[in-house]
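Undergrad: Sharing a structure below in structure tokens format, with a few things to ask.
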Amino acid sequence: MFRLPKLNIVFRCVATCTLLFVSSSIRAAETNSLRAGAAKVDITPKDLTGLVSVWAKPFTGVHDSIFARAIVIDNGVNSAAIVSLDLVEFGDTTALRQRIQRELAIAAEHIIISATHDHNAPRGGPLTPGTSSAQGRPYSPPAYIQFVDDSIVLALKNAKAALQPARVGVGSGRSDINVNRAGYDGKLWGATDPDGPSDKTVWVVKFETPSGDPIALLMNYAVHSVVAGQGNSLITGDLAGAAERFVERSYDDKVVALWTMGPAGDQNPKVNMSVAADGINKDPVKNRAMAYEVMDAEGLIVGAEVIQTANRIQRTTSDTRIVAAESILSCAATPDKPRPASANAAMTNPDFKENIPWPATMNIHLNLIQINQIAITGVSGEVYTKIYWHLKKESPLADMMMVTISNDRIGYIGDDAAYDGPINNAAVVRGCAENGIVNGLVDLMKQNK
């Protein structure tokens, strides 16, 4: 495949950040008939030995199965792929995407691999320095990490093998199950703030056959999947998994429903069991018993809005222009802050042996997959709402969604103003991420118009 050389662009940024590279898709002006294929592969671990949650709690069983879901699109000129994983996080995907490029001939920069961030599920991928995974929480042994890698490749191979003539359309709805979690209750930062910024948009990209039969639904919503809470020890897809299951069942399992997390760095479910005050009650035993009912209910609410939004999408087309690009934004890392011994004991996996030095900088992957005037952007961290709103204001494309924890998870990425208030565990220093992300993604979109 003929490819344009890597491009050097002027990047509007402050001194704390650097654009490392940009790679862009090829022959971008051409429009051709779309083909799409989707598949899912079960990634539920059969051996729970060594697997611990984000709270460093060993898993003792499985409540519901978790999956790798994939969609591949192709128009005879370019191809692209999106993978959604029912995992709490996935480390830097660069090596895996290079493997996919070798085995499936899909360019590495044309691939978005995103975790749904369900907190009671394992992690995948390499350990990212400067994150909680580098401290052993969450932690997965090498055998499970390799299993997930192979499952992702298998899902993509199956999706590519299922490529068929398709149409695509986009729509947006609204769901009010999320709430800002960056408040201050007089004792603790991180309390629910019902008046804080919160994006309620439910994005849906619909892929269907020319006759209208469903192939895949890509959904995007800004909420943490933390309903089951830290008192739970069973693997579950949590809220995101419940939404995926509801949508797929509603289509008699003839569609693959891929959940992607939007700008949810500062968003929790309105009802969840990871914060006692936000649960049904403060009794841990009752919380555990009711958690799955709450999880299914909130998943149903979002899932129903996904279905209704998909039904409202009337304008679909098979004539598509597919472009994709990636840049990496390098920001100065927030210095390591030693925690009290009690916190370290509670939050670190005691069996974790690796010692990974704290990094001076952290890389933020910025990705774009554009289908006609639909922009699917990716950012490799837990982005705050106001960064997305800033991007919406500057975006040259109205139909623009943000997939977070995309191609890595570096931690929380707050807007600049958030540093004046209750930002916890910010991955990078103030003054780099907000403008760097917005300008970087806008440049990718403008470059490919």
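Here, each number is a calculation from the coordinates, and none is a lab measurement. Here the structure is a predicted model, which is why all the values come from computation and not from measurement. Cβ placement follows ideal geometry from the backbone for every residue including glycine, while neighbour counts extend to all protein chains displayed.
Undergrad: Between N311 and A360, how many nm apart are label points set 7 Å from Cα along the C-beta direction?
TA: Those two pseudo-labels are separated by 5.8 nm.
Undergrad: Can you give the local net charge around L156? Use residues other than it whose beta-carbon is closer than 13 angstrom to its beta-carbon, Lys and Arg +1, Asp and Glu -1.
TA: Neighbourhood net charge equals +3.
Undergrad: Tell me the Kirkwood radius of region 51-157: reciprocal of the mean inverse pair distance over distinct alpha-carbon atoms, in Å.
TA: 14.3
Undergrad: How far, in nm, would the chain grow between K286 and D176 when pulled straight, counting 0.36 nm per residue and subtracting the alpha carbon separation?
TA: Gain on extension, K286 to D176, equals 37.1 nm.
Undergrad: Using R₀ = 22 Å, calculate the FRET efficiency as 1/(1 + (r/R₀)^6) where r is the Cβ-Cβ separation of Q373 and T209; round to 0.05.
TA: 0.50
Undergrad: Distance cut-off 27 Å, Cα to Cα: go down the list K392/K449; K157/K446; K270/K392; K40/K353 and report the pairs above it.
TA: Pairs exceeding 27 Å: K157/K446; K40/K353.
Undergrad: Karplus couplings for region 77-87 from phi (6.51 cos²θ - 1.76 cosθ + 1.60, θ = phi - 60°), rounded to Hz, Gly and Pro as x?
TA: Those phi angles translate into 10, 10, 10, 8, 8, 10, 10, 10, 10, 7, 10 Hz.
Undergrad: What percent does the relative contact order of the chain come to when contacts are Cα pairs within less than 8 Å and at least six residues apart?
TA: Over the chain, the number comes to 21 percent.
Undergrad: Set Lys and Arg Cβ to +1 and Asp and Glu Cβ to -1, take the dipole of the chain about its Cα centre, and tell me which of T404, N363, A426 lies farthest positive.
TA: Going by the Cα projections, it comes out as N363.
Undergrad: For region 17-447, give the share of DSSP beta bridges that are antiparallel, in percent and rounded to the nearest 5; count only bridges with both residues there.
TA: If I count the DSSP bridges inside region 17-447, around 75 percent turn out antiparallel.
Undergrad: Size of the dipole of the chain about the Cα centre, Lys and Arg at +1 and Asp and Glu at -1 on the beta carbon, nothing else charged, in debye to 20? Show your work: numbers first, answer last.
TA: Values: 42 positive and 46 negative charges, 144 e Å.
I would put it at about 680 debye.
Undergrad: Which of L234, L329, L366 ends up with the largest GNM mean-square fluctuation for the chain, with Cα atoms connected below 10 Å?
TA: Of the options given, L234 has the highest mean-square fluctuation.
Undergrad: Return the single residue from R99, R409, R137 with maximal mean-square fluctuation; model: Gaussian network over the chain, springs between Cα atoms under 10 Å.
TA: Among R99, R409, R137, the largest GNM mean-square fluctuation belongs to R99.
Undergrad: Oh, and also: Which far-off residues, 5 or more places away or on another chain, put their amide H under 5 Å from the one on V62, with H placed in the peptide plane?
TA: Result for V62 returns I235.
Undergrad: Sticking with the crude label model, points 7 Å out along Cα→Cβ, report the distance from K200 to A417 in nm, one decimal please.
TA: 2.0
Undergrad: Assuming R0 = 30 Å, can you tell me the calculated FRET efficiency for the pair D42 and K353, based on Cβ-Cβ distance, to the nearest 0.05?
TA: After rounding, the FRET efficiency stands at 0.50.
Undergrad: Roughly speaking, what is the centre-to-centre gap between region 29-66 and region 85-129 when only Cα atoms are used, to the nearest Å?
TA: Using only Cα atoms to place each centre, the spacing works out to 11 Å.
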